[in-house]
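What follows is a short report on a single structure.
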Amino acid sequence: MFFRDHAGIYIHIPFCDHKCIYCDFYSIITSDNIQAYLKALKKEIDYYAEKYQNRNNYVSVFFGGGTPSLMEPKYLGEILDHLHKRFSIKQSAEITMETNPGTVNREKFREFRHAGINRVSVGIQSFDKKELEFLTRIHDAETAKSAVYDAYMAGIENLSLDLIFNLPGQTSEIWLKTLSEAVNLPVKHISAYSLILERGTILNKMVLKGEIDLQGEEIDADLYEKTIGFLGDYGFEQYEVSNFAKPGYECVHNSIYWQAKEYHGFGTSAHSYFDGKRRWNVSSLKFYIDAVNEKGHAIIGEEELTFDERKEEYRYLYLRHTGLNIREYDELFSEDFMTKNEPLVLELINHGLAEYDGVTLQMTGKGYAVCDEIIARIE
């Protein structure tokens, strides 16, 4: 066993009402087989509970998709009840549900809260009409704002927004207007992602056909720098490359990923990391249900990280997050980080890309922008 103190649980809800052009997550545009899927989820949970019961203290549950908010609140409640029966989940655990504007109203949010949801992540992406149309989102700006206020008025105060920048033709004025709309809502957390071209998406096919031109790295870097400055001015502290939060509202579940801690994924296409191995489930509703009914799980692949891979991943995750504690790193991997990397660390500090207090090496906002390039140079 590698890292094991706190752990997380991810539940994939594949049902969706629309496939956006940039999305590469497994989803299906149907509500058929919900009951069969719920039954299979519980069976998969039972399978792993028998193997790993009482070995982890779970501090988060995350319902992702797809669009989990399309489900009846009682169904998510059933899943949570089953998880509580089979695993040790802290009473104070963060329980997040992803939602899209237009799929849930205030009363339904209230029912989700009663079912156990205490954090909601709203996939808004933009408040600009043309950008929303380009992204093939089914909501407009007012619907997006209403979704946030409905969740808040339903008693869910831990609210997060997902936004996308560097869209084709996006100017800094358009992006700053979206950020301005976001910070004026009652939200505690904002995830701001640069548009990524994922293989197999509709967007990727459009680019390959020459139907769309993506903006370059210089514009991307400028928008990113403006994001850090703007959100910082409004009290949203950057704690990861793409994530900003009011103090005390950092996402617990995502921090589990970024701190190389264990997580169990249940459902179609769900990924897990435990016992030093990554595992992933089949990305088909039918095959998932059939597999779980037959053998209790739906794993179709796994890989065990080598010592060097664990070391590299540890550096990568922590430097993109809260910083790399050099002492802990040296103890875990029997390394002498500074002996190997002191010239690089001094260079980063001199260029304003990182800070080092003798214990933790932390990227600055400027450093986050080129974090991957920096990490690639570390020995």
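Just so you know, all these numbers are worked out from the coordinates, no wet-lab data involved. Bear in mind that the values here come from a model prediction, so they are computed numbers and not experimental data. Don't worry about glycine lacking a Cβ; one is built from the backbone with ideal geometry, like all the others, and counts go over all protein chains shown.
For the reader, a short list of remarks on this structure follows.
- Length-normalised contact order for the chain - Cα pairs under 8 Å, 6+ apart - percent: 17
- Each helix, a run of at least 4 DSSP H residues, gives -39500 (n - 2.57); summed and divided by the residues of the chain, these come to -13000 deg cm²/dmol at 222 nm.
- Proximal lysines relative to Lys295, as straight alpha-carbon distance under 24 Å, when same-chain residues fewer than 8 apart are discounted: Lys39, Lys42, Lys43, Lys51, Lys85, Lys277, Lys286
- The value of relative contact order for segment 322-376, using C-alpha pairs under 8 Å at least six residues apart, is 32 percent.
- Selection from Tyr288, Phe274, Leu185 lying farthest towards where the dipole of the chain points positive, charges on Cβ: Tyr288
- Relative contact order (percent, whole number), segment 235-289, Cα cutoff 8 Å, 6+ residue spacing: 18
- If you wrap the Cα atoms of segment 201-275 in a convex hull and average its projected area over all directions, you get 8.0 nm².
- Counting every alpha-carbon pair across segment 322-376, the share separated by more than 14 Å comes to 52%.
- Descending Cα extents along the principal axes, segment 235-364, whole Å: 58, 38, 20
- Based on alpha-carbon atoms, the Kirkwood radius and the radius of gyration of segment 6-258 give Rg/Rh equal to 0.97.
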